[in-house]
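Engineer: Please read through the structure below; I'll follow up with questions.
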Amino acid sequence: MRFHDRSEAGKLLAEKLSQYASRTDVIVLALPPGGVPIGYEVAKALNTSLDILVIRSLRLPSNPELAMGAVCADGALALNQEIRISQKSPKDRCATCISEQDANSAKSRQVNPNKGASKSIYARTN
């Protein structure tokens, strides 16, 4: 399916998710840059919160085009173990990649196109 732009994609996705409209237990999560316009339209249409999660991809030094995982501003780490193992990247090398790529510089911000700042995502999911 092709879309005119990401805004149109978000509006069409929101139609599919209409059963979640105006629920206080729903939050839309968006990853920049491409997911933000989509998430914004979904959150706006559903009258719910939007949280923008800024992450940093963890790239393999041997293949900088290949991401082996991601890290959030709070230090949460997600590794694709299949890629890590297939590329023979030891776990201690992953820690080096994180510090080399300055993962702590990632910032997270929360917005709500309908009501202002959203509650902390951690409070909403725990």
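Engineer: How large is the charge dipole for the range 6-52, taken about the Cα centre, if only the Cβ atoms of Lys, Arg (+1) and Asp, Glu (-1) carry charge, to the nearest 20 debye? Can you show the working numbers first?
Structural biologist: Working: 5 positive and 5 negative charges, 13 e Å.
With Lys and Arg at +1 and Asp and Glu at -1, about 60 debye.
Engineer: Also: Give the whole-number value, in cubic angstrom per residue, of the convex hull volume spanned by the C-alpha atoms of the range 1-49.
Structural biologist: Spelled out: Cα convex hull of the range 1-49, divided by residues, is 62 Å³.
Engineer: When the chain is fully extended, how far beyond the present Cα-Cα distance does Ala73 get from Ser7, taking 0.36 nm per residue of separation?
Structural biologist: Numbers: separation 66, 0.36 × 66 = 23.76 nm, distance 2.63 nm.
Here the answer is 21.1 nm.
No value in this document is a laboratory result; all are computed from the given coordinates. Not measured: the values here are computed from a predicted model. Heads up, the Cβs are rebuilt from the backbone with ideal geometry, glycines too, and the neighbour counts pull from every protein chain shown.
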